[in-house]
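To start, the structure itself, in structure tokens.
The values are calculated or read from the model by the stated rules, or taken from the named source; none is laboratory data. Please read all numbers here as calculations on a predicted model, not as lab measurements. When we count neighbours, we look across all protein chains shown, and the Cβ atoms used for this are built from the backbone with ideal geometry, even at glycine.
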Amino acid sequence: MNSSLRPCSLLNPRALRSFAAALVSVSLFAAPASPPAASAPSAAPAEAFRIIPVDDPNVVGVLRAAPPPHPKSSAKAIAAPVSDLPPGDPVWQTDYPAALRQAAREEKLVLLNFTGSDWCTWCIRLEAAVFSKPEFHAYADQHLVLMKVDFPRKKRLPAPEVAQNARLQQQFRISGLPTLIVVDATGRMVADIGGSARSSPRAFIAALEKQLQR
């Protein structure tokens, strides 16, 4: 055998490169097709949200939150409590010491109404013009304890009340009816409401306030 012969022509570098290229081509054509990629799931529907500012400097952006529910249109409004009802008819005391104690307790004055409730024409007119009016009721409710010192002719009063009223008539020197005297909680006279103030609650209140400012 001739030793100069080369062992295998396949060992030729050019041939090897050609062979390698052929193998690559074959592998590409012979490679099985890759399975189709799975389709991406459909995106979830966007939820309604409202933007909430973030005060924390370490947080960037906004937070998402569900929108507040709409108020029900069928909800009924609750009526506000009534607090400005007019005062009721004032209560007239007939016990002088009790009236003074009430005035001290409530820090008020005492209005002494010397009257002949069932026979004195001017006393009856005073009741209609002043004492029956809501304006007087409102003022008395805040400032006065009311006391009736009555000298009736048709109705009979309890004996202690008759004696008490006689003493008050002498104490304040009452000579005619009606007479309106205002005293403090100690029984000291602070006002004598004249006849011109008996025509209306406004005139009565103005006369009393004027005397209290002296």
Given (1) within 18 Å of residue 151 (Cα to Cα); (2) part of a helix (DSSP H, G or I); (3) among the polar types (S, T, N, Q), where does residue 113 come up short, assuming only one miss? (2)
Counted residues, segment 73-95 - those being closer than 19 Å to residue 158 by Cβ, at pLDDT below 95 and polar (S, T, N, Q): 0
Return yes when residue 98 is buried (at least 19 other Cβ atoms within 10 Å of the Cβ), modelled with pLDDT of 95 or more and not in a loop (DSSP other than H, G, I, E, B) and no when it is not. no
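Here is a yes/no grid of residues against (1) crowded, with 17+ Cβ neighbours inside 10 Å; (2) free of Cβ contacts under 8 Å to residues at least 60 places away in the same chain; (3) in a loop (DSSP other than H, G, I, E, B); (4) among the hydrophobic types (A, V, I, L, M, F, W, C):
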{"residue": "128", "(1), (2), (3), (4)": "no, yes, no, yes"}
{"residue": "135", "(1), (2), (3), (4)": "no, no, no, no"}
{"residue": "140", "(1), (2), (3), (4)": "yes, yes, no, yes"}
{"residue": "146", "(1), (2), (3), (4)": "yes, yes, no, yes"}
{"residue": "149", "(1), (2), (3), (4)": "yes, yes, no, yes"}
{"residue": "153", "(1), (2), (3), (4)": "no, yes, yes, no"}
{"residue": "166", "(1), (2), (3), (4)": "no, yes, no, yes"}
Which residues, counting only those in segment 183-214, are surrounded by 14 or more Cβ atoms within 10 Å (Cβ to Cβ), among the polar types (S, T, N, Q) and in a helix (DSSP H, G or I)? 211
